[in-house]
Amino acid sequence: MPGLFSVKTPPNATPLRVLIAATENGAGGTRRPPSPSPSVSRTKPTKKTPDKSGIDESSLENPDLGPFLLKLARDTIASGDNPNKALDYAIRASKSFERCSGPGLELAMSLHVLAAIYSSLGRFEEAVPVLERSIDVTDDALAKFSGCMQLGDTYSMMGRLDRSIRCYESGLRIQIEALGDSDPRVAETCRYLAEAHVQAMQLDEAENLCKRTLEIHKEHSAPASLEEAADRRLMALVCEAKGDYESALEHLVLSSMSMIANGQENEVAAIDVSIGNIYLSLGRFDEAIFAYQKALTVFKSTKGESHPSVALVFIRLADLYHKTGKLRESKSYCENALRIYAKPVPGTTSEEIASGLTEVSAIYESLDEIEEALRLLEKAVKLLEDTPGNRSTIAGIEAQMGVMFYMVGRYGDARISFENAVAKLRASGESKSAFFGIVLNQMGLASVQLYRIDEAIELFEEARKILEQECGPCHLETLGVYSNLAATYDAIGRVEDAIEILEYILTMREEKLGTANPEVDDEKKRLAELLKEAGRTRNRKGKSLEKLLDARSAKKESAKRWSTFGFRT
């Protein structure tokens, strides 16, 4: 699975495999980690090569040819020889199986191999129909399961996380039908699907799957097993993302105890970093420092002084010291991390470096060193290949760059960065996420500063629809977009529309924050200015948001003016 947030399966846990060779075990085998992995170097997409092998069509009807060619394809892949030669063997094997035996398990297996080769060459678009066909040509549950999961991995590498999740869900249903809902292999698939939901920030779904996985492993595994430890680490990640820090800490401590019992020193250190993160979120700084220093000692002794894991702990300590007001120490730890990233040890991936640079950039931004923060983000974008699997990550970095450009008054650069981020998020199928709505809102603000008011209105209205759906009409992010939308209406002379929206916002903020809150006072002043201009008094009767936003006047004034109140970032 792509992304920087997935929880790694412990080294001794049962691996997940796509069983393309097994024919005697029936349904529901386990599956391997996705191939190719985003954490290792990938072969760049190659140009399609014409078939120069001069296939003798009559020879394809030999029943012994398909297995022979399939073995040649596997052997060629294993030897690291010309992948195009392996592709040729796999194509010919699939044709031979189709002619000799027709639809069935053998054809499905050969299609799995063919799709894996396409993926290794970066030709994901060609792998997708091959895998879809592999699912259709067989009734074997194991083959269908493997096809669904491999198809999910392929969509994941293409950055289509929504389709990827649907494929994993289909695979899980097939596996449960074949094995029952309490088989340990089902637990592995549940965890895999949970990781995908975490990637998509679908935390409730991820939490339910984690609970299910824990229940299965408690039933079938020994106490304090590595499988249970991995489940608890993922559950802790979900709890932390939901703001339930105490539950996250409990899961991490239990996971650490399991890892200690199994002699997994490096895994214990990684969990100590996560424990430090929780203590930091809870404001328990001394305990956080102790956890980070424990992890740092282990990583230095087992991985070396210049390993990315050491740099990661330096970044955590830099963040901690920044939050405690020790800015000199914070900057010193940032510089230590950057020195490691400047001369990475062999095996360090560009994704690891880019992730680290992004985190250091956030600290420099907090230190008000915006230009240095921007330089680091630009370097991070250059390190990441613009492949489908990296689009969401790059979009997040470009959105952050847009915010920084906006902060220093470079509104044109800000708009370009937001526009690039929006395009990548749309291409990745994330145009319905709350994050996408927030980026649209920020882009709208940049458009306002560039006097592109009509464009800003379109962006705010699209952001409003998304955030209403994802967060609800009363959420503070949604109310912020309403406020910006009202300001743009005022800017083009639609004062009545602006007043109605502001009255709704003020009512909601009074209910959520209380009438004495400074934000409520600010909204009151904005509304008072508009009401004074329109010669009206505040209407205290509640109106439905649907009436305010969907039954507005369609009239648009050509003369534009600046709003009498500000915009909310």
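The values are calculated or read from the model by the stated rules, or taken from the named source; none is laboratory data. Model, not experiment: these values are computed from the prediction. Reconstructed Cβ throughout: ideal geometry from the backbone, glycine too, with neighbour counts over all protein chains shown. With ligands, DNA and RNA removed, areas are computed over all heavy atoms of the protein, side chains included. Shrake-Rupley method; radii C 1.70, N 1.55, O 1.52, S 1.80 Å.
Tabulated values for the structure
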item	result
Yes/no for SER258 being in contact with a helix residue (DSSP H, G or I) (Cβ under 6 Å, 6 or more places away or on another chain), of a type in the set (Ser, Thr, Tyr) and either under 26 Å from ASN390 (Cα atoms) or assigned by the TED database to the domain that holds MET109 (or both)	no
Residue count, region 499-531 (criterion: at pLDDT 75 or above and among the β-branched types (Val, Ile, Thr))	2
Test: residue in region 286-306 that is without any contact (Cβ under 8 Å) to a residue 24 or more places away in the chain, surrounded by 22 or more Cβ atoms within 10 Å (Cβ to Cβ), among the hydroxyl-bearing types (Ser, Thr, Tyr) and outside any loop (DSSP other than H, G, I, E, B)	no
Residue check, SER431 open to solvent by less than 40 Å² (accessible area, probe 1.4 Å), farther than 21 Å from THR358 by Cβ and under 16 Å from the mean Cα position of the chain (by Cα)	yes
Residue in region 57-75 that is modelled with pLDDT under 90, in the same structural domain as GLU132 (by the TED database) and within 34 Å of the chain's Cα centre (by Cα) present	yes
Verdict on ARG166 being under 27 Å from ASN84 (Cβ atoms) and among the basic types (Lys, Arg)	no
Subset of region 464-474 (residues that are under 18 Å from ASP497 (Cα atoms) and open to solvent by less than 20 Å² (accessible area, probe 1.4 Å))	ARG464
Subset of region 348-361 (residues that are under 23 Å from ASN277 (Cβ atoms) and open to solvent by less than 50 Å² (accessible area, probe 1.4 Å))	THR348, THR349, GLU351, ILE353, ALA354, SER355, GLY356, LEU357, THR358, VAL360, SER361
Lone unmet requirement of (1) farther than 20 Å from ALA498 by Cα; (2) free of Cβ contacts under 8 Å to residues at least 60 places away in the same chain for GLU477	(1)
Residue within region 415-428 that is in contact (Cβ under 8 Å) with a residue 40 or more places away in the chain, over 29 Å from LEU338 (Cα atoms) and among the small types (Gly, Ala, Ser) present	yes
Qualifying residue in region 380-395 (condition: open to solvent by less than 50 Å² (accessible area, probe 1.4 Å), over 24 Å from ASP413 (Cβ atoms) and more than 19 Å from the chain's Cα centre (by Cα))	no
Residue check, ILE260 part of a helix (DSSP H, G or I), at negative phi and under 24 Å from the mean Cα position of the chain (by Cα)	no
Single residue of LEU226, LEU214, LEU234, LEU249 found to be open to solvent by less than 40 Å² (accessible area, probe 1.4 Å) and farther than 25 Å from PHE299 by Cβ	LEU214
Given (1) open to solvent by 40 Å² or more (accessible area, probe 1.4 Å); (2) without any contact (Cβ under 8 Å) to a residue 40 or more places away in the chain; (3) touching a Pro at 6+ places or on another chain (Cβ under 8 Å), number of the condition VAL345 does not satisfy	(2)
Some residue of region 310-333 being hydrophobic (A, V, I, L, M, F, W, C) and not in a helix (DSSP H, G or I)	no
Subset of region 315-342 (residues that are open to solvent by less than 30 Å² (accessible area, probe 1.4 Å) and touching a residue at least 40 places away in the same chain (Cβ under 8 Å))	ILE315, ALA318, LEU320
Selection status of TYR192, in a helix (DSSP H, G or I), surrounded by 19 or more Cβ atoms within 10 Å (Cβ to Cβ) and in the same structural domain as GLY122 (by the TED database)	no
Wholly within region 67-143, helices (runs of 4 or more DSSP H) carrying at least 2 residues that are among the basic types (Lys, Arg)	83-100
Filter result for TYR89 (touching a helix residue (DSSP H, G or I) at 6+ places or on another chain (Cβ under 6 Å), over 30 Å from LEU214 (Cα atoms) and modelled with pLDDT under 90)	yes
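Conditions tested, residue by residue: (1) modelled with pLDDT of 90 or more; (2) open to solvent by less than 10 Å² (accessible area, probe 1.4 Å); (3) touching a His at 6+ places or on another chain (Cβ under 9 Å).
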| residue | (1), (2), (3) |
| --- | --- |
| PRO103 | no, no, no |
| MET109 | yes, no, no |
| ALA116 | yes, no, no |
| ALA127 | yes, yes, no |
| ASP136 | yes, no, no |
| PHE145 | yes, yes, no |
| GLY152 | yes, yes, no |
| MET158 | no, no, no |
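Matching residues to (1) under 25 Å from ALA414 (Cα atoms); (2) at pLDDT 85 or above; (3) under 24 Å from the mean Cα position of the chain (by Cα):
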| position | (1), (2), (3) |
| --- | --- |
| ALA456 | yes, yes, no |
| GLU462 | yes, yes, yes |
| HIS475 | no, no, yes |
| THR488 | yes, yes, no |
| ARG494 | no, no, no |
| ASP497 | no, no, no |
